[in-house]
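The values are calculated or read from the model by the stated rules, or taken from the named source; none is laboratory data. Here the structure is a predicted model, which means the values were calculated and not measured. We place every Cβ from the backbone using ideal geometry, glycine too, and count neighbours over all the protein chains shown.
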Amino acid sequence: MVHGAQARRPSRKIPTFERILRIIHTSQGLAFKKDGSARSLLFREIARLGIKAFEHRAPVVWTTTYVFPMEMIWGLGLIPVDFEIYAGLLSAANQTGPMLKAADRVGLPQDTCTVHRIAIGAAHLDQLPKPDILVSTTHYCDGKAKSNEFMASHYGVDYLLLDMPMEETPAALDYLKVQLREIFERLCRLAGRPVDEGVLEEPIRHFNEMTRTMRRVNEMRKEIPSPLLPNNGGFTLTFMTTMLYGTPQATEIYRRVEAAFHEERAAGAVPPETFRFLWLMASPTYSAPLFPWLEKRGGRIVMEELSHCYWEELDPSRPLESMARRMLSNTFLGPVERRARTALKLARDYGVDAVINFAHLPCRQSNGALQVIRDLLEGQGFRLINLEADVSDPSNFPEDRIRDQLLTYWEILEKEKGRKGKV
C-alpha cells in the first residue's frame, strides 16, 4: 500500500485557459473585496465555475446558457459550460490567434462564426474543460448546433439537441415539454439522482427573484440621464450572467447593479448624456475603441436587445411547462418581424435617438434580418447605424471606418436634434 505524498494523484498539466481563469478569479476576488461591484462579482463567479469544470468536481454539461433553462442544470448540481462565453474570455485575454490557427488546421471554413472557430480551436488544443454531455437547441444561433456536433465527436460524449418549434402554439408547447422531460431524465441519470422535478423548485425561486431585480434595473435605465455602464457593460452583464440563471449569485449581481444606480443618482454622479442608443445583437469581446469614443461624447447605450426581460416568471408547480413557455417567448424565435417589433418597442420605451446594430460579419442569421429591422425602425423615425466588424477577432475591427461612420451619424443626429428643438 502506498502512503502519504506518494499516494497523491500525479499533477496534471494546467491549460493556458485554466490559468487565465485562475488569474481572473484571484484578481476579481480582490477587486470584489475592494469595490463590491456587480462586475467583479460576475467575473469572479464565471471564473470559479470554469475552474470547477476543469477540476471536474461534478459532471460537466456543455450547453447554450442564453437559451437552455439553466435551472435544470443547477437543480441537479451539475457544472455548466458555454463555449461561446469562454471564447469571449479567450478573446479578451488576447488568445484568439492560436485558437483560430488551430481551427484552420482542423479544416473549419474561415467564414464560420469566429466565436465557434475560437472554441473549436481551443478544444483541439485541449484548452477547454472536458464535457460529460452536450445539450443545446436548434434556435437563436444556427451554428451552435453544428459546432456542438464537432465537439461531441471530438470528446466522444453524447449530444442532446432540443428541436425548437418555430411558432408559439399549444402543440409547440406540448412538443417542447416532452423533449425537456426527456433531457431532464437524462441529466438526472448523469447526476446520479432520482427523477424528481421537485429539485427545480429552488432554482426557479432564484430565477424569479433575479427576474424581478433585473426588471427594476431595466426600468432605471429609462431615466434621463441613464446610468452609465462603461464599455457596453450592459451587454456583458446580461450575456455572462445567463450562466448563473437559477442561482442566488445572479440575483445578487443585479442587486448590486441596482444599488450602484441608486447611489450614483442620489449623489448626482450620473454623467450627462447627449444621445441615447439601443444596441442590437452582439458586442465586441475585446477592447473596442468605439465605446470610449461614444462615452467621451456623452453617447449612452441605454438598453441592449439581449437585456430585454421578455419572459414571465416561472411556476414552480409546473417547472417544465414554465421553462417551455419561456423558451417559446424568446423574441429571436419565429419570424424576424417578431424581433423587429421588439426592437421598435424598446426604442420607444427607452426614448433613444438611434439604434446601433453590431453586425458580426460571419453571423448569417443576424445579418439576414437586418433589412426587415431597418425598414421597421426607420419607418418609425429611428435611424439604424450598422457597424460591421467581428465580435471576437480584434484584427477584423476596422477602427478608422467605424469612427468615421459614427462621426457622420453623430453630425446627422446633432442637426436633427437642432431642428427638433426649433419646432
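Tabulated results
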{"quantity": "Close pairs from region 330-351: first more than 10 Å from I373 (Cα to Cα), partner aromatic (F, W, Y) and in a loop (DSSP other than H, G, I, E, B), Cβ under 6 Å, at least 6 apart", "calculated": "T331/Y310; F332/Y140; A347/F382"}
{"quantity": "Residue match in region 181-204 (condition: crowded, with 21+ Cβ neighbours inside 10 Å and within 21 Å of the chain's Cα centre (by Cα))", "calculated": "yes"}
{"quantity": "Qualifying residue in region 110-124 (condition: at positive phi and either out of contact with any Phe, Trp or Tyr (no Cβ under 7 Å at 6 or more places or on another chain) or among the charged types (D, E, K, R) (or both))", "calculated": "no"}
{"quantity": "Candidate set: region 285-315, residues that are assigned to a strand (DSSP E or B) and charged (D, E, K, R); chosen: the one surrounded by the most Cβ atoms within 10 Å (Cβ to Cβ)", "calculated": "E304"}
{"quantity": "Test: residue in region 326-343 that is buried (at least 19 other Cβ atoms within 10 Å of the Cβ), among the β-branched types (V, I, T), farther than 23 Å from L162 by Cα and over 17 Å from the mean Cα position of the chain (by Cα)", "calculated": "no"}
{"quantity": "Region 12-39: number of residues that are over 20 Å from L90 (Cβ atoms) and surrounded by 13 or more Cβ atoms within 10 Å (Cβ to Cβ)", "calculated": "6"}
{"quantity": "Meets criteria (at pLDDT below 95 and farther than 19 Å from E209 by Cα) for T331", "calculated": "yes"}
{"quantity": "Options G121, G77, G50, G88: the member that is over 19 Å from T285 (Cβ atoms) and small (G, A, S)", "calculated": "G77"}
{"quantity": "Tally of residues being charged (D, E, K, R), assigned to a loop (DSSP other than H, G, I, E, B) and touching a strand residue (DSSP E or B) at 6+ places or on another chain (Cβ under 9 Å) across region 110-147", "calculated": "2"}
{"quantity": "Residue within region 213-227 that is in a helix (DSSP H, G or I), β-branched (V, I, T) and on the phi < 0 side of the Ramachandran plot present", "calculated": "yes"}
{"quantity": "Hits in region 55-67 (condition: part of a loop (DSSP other than H, G, I, E, B), out of contact with any Lys or Arg (no Cβ under 8 Å at 6 or more places or on another chain) and surrounded by fewer than 24 Cβ atoms within 10 Å (Cβ to Cβ))", "calculated": "R57, P59, T65, Y66, V67"}
{"quantity": "Sole residue being touching a Cys at 6+ places or on another chain (Cβ under 8 Å) and at pLDDT 95 or above, chosen from T211, T242, T251, T238", "calculated": "T211"}
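For (1) under 18 Å from M240 (Cα atoms); (2) touching a residue at least 60 places away in the same chain (Cβ under 8 Å); (3) of a type in the set (S, T, Y), each residue gets a yes or a no:
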residue	(1), (2), (3)
A266	no, no, no
T274	no, no, yes
P284	yes, yes, no
P289	no, yes, no
R297	no, yes, no
L306	yes, yes, no
E313	no, yes, no
R318	no, no, no
M323	no, yes, no
